[in-house]
1. Report whether or not residue 41 is assigned to a helix (DSSP H, G or I) and within 28 Å of the chain's Cα centre (by Cα).
2. Determine which member of the set 101, 94 is in a helix (DSSP H, G or I), without any contact (Cβ under 8 Å) to a residue 60 or more places away in the chain, in contact with a helix residue (DSSP H, G or I) (Cβ under 6 Å, 6 or more places away or on another chain) and farther than 30 Å from residue 166 by Cα.
3. As an exercise: evaluate residue 85 against (1) surrounded by 17 or more Cβ atoms within 10 Å (Cβ to Cβ); (2) not in a helix (DSSP H, G or I) and give the number of the one condition it does not meet.
4. Any residue that is surrounded by fewer than 16 Cβ atoms within 10 Å (Cβ to Cβ), at pLDDT 85 or above and more than 22 Å from the chain's Cα centre (by Cα) - is there at least one of those in the stretch 157-165?
């Protein structure tokens with residue numbers, strides 16, 4: 001902790017917003033990892049059970065979905081299945097509308113990560129400029145040496161620390177943003193796959209055929 005305080009002091013005022021960015025990125029990353037872990041752990045089992053139930057009793061399937069509305073695909077299915085007496089076209093529209101409503105929730109905090117990725121290096125660059133200004137303001141060509149070099153050294157140190165910190169924060173935010181973007185793309189593919197399976201069952205039911213699901 002003492003070393004962190006020293007680093008912040010040496011890096012100058014730019015270290016404060018960079019530290020704030022670091023805390024925000026860490027907190028949001030924890031929330032996103034918990035969210036995606038919960039989805040990955042429970043989603044497949046829940047949806048498979050719902051599809052099997054829907055093949056025999058739609059009301060039981062709806063009740064199962066209602067108990068798992070913290071999952072994105074469960075909310076999508078629940079919205080579509082609650083549309084009573086829907087023909088296949090209406091059912092498809094209901095599914096598409098529910099999917100579109102879930103997209104912002106699955107991409108939650110993505111703009112914040114992107115902002116940090118773009119802004120952190122610029123703040124680091126600003127810290128570099130301020131550090132260099134401090135160095136040059138301490139430099140007196142007629143009195144080079146001794147204590148006069150301390151201000152120059154401190155200014156250069158401030159510039160380097162601010163630049164390095166800005167790049168580190170940006171790199172970490174970029175890695176996290178790409179990780180969550182990959183989770184989102186994978187989830188979107190699964191939602192489309194599950195939605196097609198549900199739509200096929202609904203079409204068979206609408207035509208009066210006995211729905212089946214293996």
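1. Yes, satisfied.
2. Exactly one residue qualifies, and that residue is 94.
3. (1)
4. Yes; the residues of the stretch 157-165 include at least one that is surrounded by fewer than 16 Cβ atoms within 10 Å (Cβ to Cβ), at pLDDT 85 or above and more than 22 Å from the chain's Cα centre (by Cα).
The values are calculated or read from the model by the stated rules, or taken from the named source; none is laboratory data. Note that the structure is predicted; figures quoted are calculated from it, not measured. Methodologically, a virtual Cβ is constructed for each residue, glycine included, from the backbone with ideal geometry; neighbour enumeration extends over all protein chains shown.
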